Amino acid sequence: MHLQHKINSPPLRVLILLFAKVGAKSFGGAVPAYLLHDFLQKGMLTEKEYLEALNWSQSLPGPNGTNISAYLGWHFKGAWGAFLATIALLLPGTLAILLASQFLSSAPQQHVFQGILSAVAAAAVGLILGMVWNLTCRLGERIRLLVAAITFVLVGIIRIPVPLAIVFIAPIVWYLDKSKRGNDEHPV
């Protein structure tokens, strides 16, 4: 399903700079959180539209950050926008990794760098959890936060494979959704 929000479509240059900025300051799974902040702050998307884009990006194979950049680039500027948004997102990190690898090959203290990477990864997890919390609270559906937390524990901590977690969580979500729709259709 294509988003219908074209009123605040940014110029291609602005879109490329936005994705390059996110690519320069993000690491790993934090990309969707930064994009959420930037697109909402600039009024380019509503929260509901962003969640639709995030849903599509998570449904496709590959990293969510790359998928959502391609999806949003396509949404605003078609195929050319998808291509350029993805390149703009990936280029700063690629250059940083190339420069870091040059530095690390000559640096004797690689354990310091491992500590830095661990800290950055922890910050990314915190950013993602904050994004989930904010979106859930704004949408007024706290039960979804509980489902997200259970899924996080199953997959991230207990290390249950994702397909098995889906088999466990899907009936719960289906029941909750059915109950909610039943209450909406038959008010007391």
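Bear in mind these aren't lab numbers, they're just calculated from the coordinates by the rules spelled out. This is a predicted model, so every value here is computed, not measured. Using ideal geometry, Cβ is built from the backbone for each residue, glycine included, and neighbour counts are taken over all protein chains shown.
Work out, in µm²/s and without decimals, the Stokes-Einstein translational diffusion coefficient of the stretch 1-109 at 37 °C, 0.692 mPa s, Rh from Kirkwood over C-alpha pairs. Don't skip to the end; give the middle numbers.
Values: Rh = 14.3 Å.
The estimated diffusion coefficient comes to 230 µm²/s.
Work from the charge dipole of the stretch 1-109 (Cβ charges, +1 for Lys and Arg, -1 for Asp and Glu, about the Cα centre) and give the residue of Leu36, Gly65, Leu17 farthest towards its positive end.
Toward the positive end, the furthest listed residue is Leu17.
Calculate, in nm to one decimal, what Ile158 and Thr66 gain on full extension: separation in residues at 0.36 nm each, minus their alpha carbon distance. If you can, show how the numbers build up before the last one.
Details: separation 92, 0.36 × 92 = 33.12 nm, distance 2.70 nm.
That pair, Ile158 and Thr66, stretches by 30.4 nm at full extension.
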